[in-house]
Every structure is written in structure tokens, then in C-alpha cells.
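Heads up, the thing below is written out as C-alpha cells.
No value in this document is a laboratory result; all are computed from the given coordinates. These numbers were taken from a predicted model, which means no experiment stands behind them. Heads up, the Cβs are rebuilt from the backbone with ideal geometry, glycines too, and the neighbour counts pull from every protein chain shown.
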Amino acid sequence: MMWFKCSNLVFLLLFSSLQISFGLTDEEIKLNFIRDVLKYYYRPSVVIASVCWDSKLKMNLTKSLGNLEKSIFIKFYDEETLFTRLLPEHHVVFLVDASCNSTKYILEKANNNTKFRRPFHWFILNKDGGETIPTEIEALDLLPDAEVAIVNRIRNNSYVLYLVYKISSKSIWRTEYYGEWSLYTGFHRATTLGTSTAMRRRDLERYVMPIAYVITNPDSINHFVDRGDGEIDTLSKVNYHTTNNILYFMNARRRFKITNTWGYEVNGTWTGLTGFMVRKEIEFGGTPLFLTAERISVIDYLACPTLTLSKFVFKQPNLSYGNNLFLLSFQTAVWYSSLLLVCVFFLVLFVVAFCEWNEKGADYLERQKDASILRAKMADVVILVLGAACQQGSSVELRGFSGRFVIFVLFLALMFLYTSYSANIVALLQSSSSQIQTLEDLLNSRMKCGCHDTVYNRHYFSTATEPVRKAIYQKKVAPAGSKPQFLSMEEGVKNMQKGLYAFHMETGVGYKFVAKFFLESEKCGLKEIQYLQAFDPWSASRKHSPYREIFKLA
């Protein structure tokens, strides 16, 4: 009895399924498939479709996608307007029907416009009975960052999806099973696609990757491994080993290109390393570049592999360089207080002297004749106070107890003031000035300036437009009628050690020379000022490189 009930239930399910299947046309089944897959596929905001369907079928698809929990808008374009107006790239999915006559032209146009790249997603509905790789895409460059799904119909009610790509434009096709859809079971995505696209496709099977390095000294290429002459082409030598690890991660080989400059725009054309990437001669820059607004529009920056700073470094001049040490010993308030103290002593002494001098007594006449007694005269009191201030003493004095006490306190107070003043003078003679804090201070000082002789220093200094930076170059680094001060690292650091010389250098390498030539006591007085208006150097790839995401993961 139980077996009979189960058989009836299975029969009813099969019968209802057949009713559903027979009740839907091929177009309706196709619409259900598209709706289910797009609903699952990262929930795009907009689908841009190029299909040769009738208006009714397009309208039904529009309604079907618009009625989802999270509505998907679909726009139908012809081959001329398909790529003219795109929304933010992460929200766009292209839908193309390979059975249409214009499909090959559309796909070739998309290829020329670099639309087969991350983050665009493509669904290509293959012809019934067509090959897994449609003939329409055989000549296209669907490289490792491409998200192109080929949809093949395997039965009346079922579709299978494959992701297709090439490692390089000349390699064979590779396919990844993406999933399968059935009218009865819906869409099932392959569990093997759990990792990111870049991680799945990072094995480039020994593909030869073109990479360029910046070498300003031809001998540097002989020191990539041992890192000899570290002050020359430092970034290239350090990043060489990083690049090796990236290629190992990708299972790729490399082909070297060498240039002597990082690349700058000259008359609308990019030179050097940047020029290689703009012209698509290389995929990856082996030497990091400064992150500038001009380069952002033509190359893709990936990561900052090595922190490096280039600054003006100089020994802070002695405090006497820009200050009067005799006035600097005391603060203004102390000077005024000292002057007030002297004035108070003067008044007290004058009053005491006046009282003693005019006191009537038996010795009055003798005091009138005694030259060692302080007279109650303003000039005499002033001379006594000045002698005490200068620690010179006095030939006159007061004979009374109150007078002697005032003179004792006067000399004692001024002695402490004099001792403090002298000690401050000695301390200030050993101190460094802190007046040079900005580029403007450096410009207005008597300090000479020089730069490490590198390509980027010569470029950024000579093309500076900010007034203070431009003035530093024109007045201090390369004044008219004089030889520009672009020096070797050793020569620049030695000039810096002599004092009153600011040297612009890469601090990582420069401080090794400082340790070599400077005394320990001299290192404490070094000061740095930023000049370059550029960020730390970043590794970069050509714009929209198909291997960019793999580079970033490595």
C-alpha cells in the first residue's frame, strides 16, 4: 500500500512537470533562465543587452527582471550605441545573443574598447548545437581577468554555463564549469568557483611576462642579486627580489626591458618606464614610481612595496647663526625684572646714603672729609650700582649697619644674576638653531643647497611651479651663471657635514653615508624638510592589464 502511494506521488509530480514544460514556449523558458541566473549572479543593477528579439519578448524580460525582490533594469541597445553610455562598471552585465547577425561585430567592438575585463560581466547565449567556444569569440582577447560566461542549451529545458579565457592572446582556450540551470531545479553554481577569479587563474603556465626596470647606471644590472652599490638604482635592486616572488606566485617567466628614466610626459608623449606601459610594451613595472596625478590617468598603481623618502637634510646651524646670544640668555621678562631690581637697589642705596650723610653726630665733620664714604649724590650711587652689576666692586661704602646690609644684598643678588647669565651664554654657544623649519625658511637663510644627481630630482626640481620650490631651484640649486648643484651622494653628504649646506637625498640610502662620514655628536643636529610634492613610490602595471588582480594578490 505504501509503495502504491509513493508511486502515485511520483507520477503526479512528473505529470505536473510535463504540464509545466509543455505549457511554456522556448522563449519563455529562456526568459526564466535569464531571470534566475541574473538574480543569482552578484545581483547586478543594470543589464545591457544586444539581442535580435521581438518587442514582446523584450518587454516580457523587462517585466520579469523588474518584478524581482531587488529589481534589475535592462536596457536594449544596438551595435552603434552599446558602449556609449555606461553606468558604474561594477553594476553592469552584458547580455549578447550569438544567433544574431550583428554579434560578431559587437564582440569585436567590445574587444577594441577593452570591455572584456574586470569588472564587466558577460553572458553570451550560444547558438543551439554550437561549439563550447563560439566562432564569434575565437579572435578575441579574453584574458585572465575576463568574466565571460558561454551559455549552451543542452536540452529543451536545461542550460549549462562555462567561463572561458586565455592566458595570453596566443594561448589555447581554457574553460571553467560555472553551473547548470534546469526548468525544474533552477540554477546551481559550481562549488569549485568559491575562490576569486584571480586566485583560480593565477597559474600562468610559464607565460613570459614583459617587465621593465629603471637603470641609471649600466653596471647596476650586475648587482641585482648582491645589491652592491646600494646608493645607485636602489629601488630597482630592492624591488627585483619582490618581482621574483610575484612571478613565482604566478608561475611565470619574465622578459627584461631596461630604461634610464621613470617616464615623463613630453609634448603629449610619455617616455621611459611609463611610456612602456602606455604603449602596452610591458605588463608590469619592476621599479616603483612616484604616485602623481599625471600618471594616474595612464597607468594602474598596485601597491607600495618599499617606503622611501627624499628630503632636504642639513646640520642645524649654531644658535648664533641667526640670534644675538647676549640678548637671548634671558627672557624678556627676566631682563625687565633685573632692570627693575637694579632700580630698586639704586633708590634704597640713595635713601640710606642720604640718611647717613646728613646724620648729625660727633663724627659728622670727619665723615665730610672721608673720601671712602659714599656721598648722597646720584652719580656716586649710579657708579656703585654699575660696578656691582659688572662685578667690579667699589672704592666707596656706607659705614652704617643698614647701608652695609643693602650693599651686601646688592652684590649678592647681582653675583647670582651674572653667574646665571654666563652659564646661559655657555649653554647657548653649544646649542643649535631651530629657526629653519620650512622651505621658506630654507630659502631665506644663508644656507647653500644641493641635490642627489638622479633623474627624478632633475625633473621635479626643474619643473617645480610652486613659488617657494621654484625659487629654491633657481636661487640655490641652479642659480644663473653657476653650475647646478646635482652631486653624488658621497660629495653631497660631505658638504653637509661641513655645515650650512642642505642636501636633498633619499634618506634610506643617504643616512648610510651619514653614518660613514659623520661623528656621533654631529648626527644629533640633523634636520629634515620635505620638498617633493609626491607620495611614496608604488609598483604599477599598464592600464587595464589582465594580470593586475593577480599582481595585487601576490
Seminar exercise, completed: Restricting to Cα pairs under 8 Å and 6 or more apart, the percent relative contact order of the chain works out to 15 percent
Exercise. Per q in 0.10, 0.16, 0.23 1/Å, what log10 I(q)/I(0) does a Debye calculation on the alpha-carbon atoms of region 400-524 return?
Worked result: -0.48, -0.87, -1.36
For this session: In whole Å, largest first, what are the principal axis extents of the Cα atoms in region 244-313?
Result: 38, 34, 22
Problem set entry | Proxy reagent accessibility, fewest Cβ within 10 Å first, across 539, 71 | 71, 539
Problem set entry | Spatial separation of Cα centroids for region 234-249 and region 99-139, in angstrom | 37 Å
Problem set entry | Cα convex hull of the chain - mean projected area over all directions, nm² | 49.3 nm²
Problem set entry | Which listed pairs, of 237/315; 315/516; 166/280, have C-alpha distances above 22 Å, in listed order | 237/315
For this session: Normalise the Debye intensity by I(0) for region 97-205, one equal point scatterer per Cα, no solvent, then take log10 at q = 0.11, 0.24 Å⁻¹ and round to two decimals.
Result: -0.35, -1.46
Exercise. Considering only 379, 195, 496, whose Cα is most displaced toward the positive end of the charge dipole of the chain, charges sitting on Cβ of Lys, Arg (+1) and Asp, Glu (-1)?
Worked result: 195
For this session: Would you please name the trypsin sites (Lys or Arg not before Pro) within region 44-78 that are DSSP coil residues with at most 11 other C-beta atoms within 10 Å of their C-beta?
Result: 70
For this session: Rounded to the nearest 500, what is the 222 nm mean residue ellipticity of the chain from helices alone, with -39500 (n - 2.57) per DSSP H run of 4+ residues and division by all residues?
Result: -12000 deg cm²/dmol
Exercise. List the aspartates and glutamates whose alpha-carbon lies under 17 Å from that of residue 543, not counting same-chain residues fewer than 8 positions away?
Worked result: 89, 141, 145, 265, 281, 283, 294, 300
For this session: Would you mind working out the magnitude of the charge dipole of region 447-510 relative to its Cα centre, with +1 at each Lys and Arg C-beta and -1 at each Asp and Glu C-beta, to the nearest 20 Debye?
Result: 300 debye
For this session: Could you name the aspartates and glutamates whose alpha carbon sits less than 20 Å from that of residue 494, not counting residues in the same chain fewer than 8 places away?
Result: 229, 231, 453, 506, 520, 522, 528
Exercise. In the neighborhood of residue 475, defined by Cβ-to-Cβ distances under 13 Å, what is the net charge if each Lys or Arg adds +1 and each Asp or Glu adds -1?
Worked result: +4
For this session: Return 250, 209 ranked ascending by Cβ neighbour count within 10 Å, so the fewest neighbours appear first.
Result: 209, 250
Problem set entry | Neighbour-count order for 504, 241, fewest beta carbons within 10 angstrom listed first | 241, 504
Exercise. Taking the Cα centre of region 273-318 as origin and charging only Cβ (+1 Lys, Arg; -1 Asp, Glu), how large is the dipole, in debye to the nearest 20?
Worked result: 260 debye
For this session: Using +1 at the Cβ of each Lys and Arg and -1 at the Cβ of each Asp and Glu in the chain, identify which of 301, 168, 401 lies farthest towards the dipole's positive end.
Result: 168
Exercise. Under a straight-distance cross-link criterion of Cα-Cα below 20 Å, which lysines are reachable from residue 470, leaving out those fewer than 8 residues away in the same chain?
Worked result: 311, 448, 483
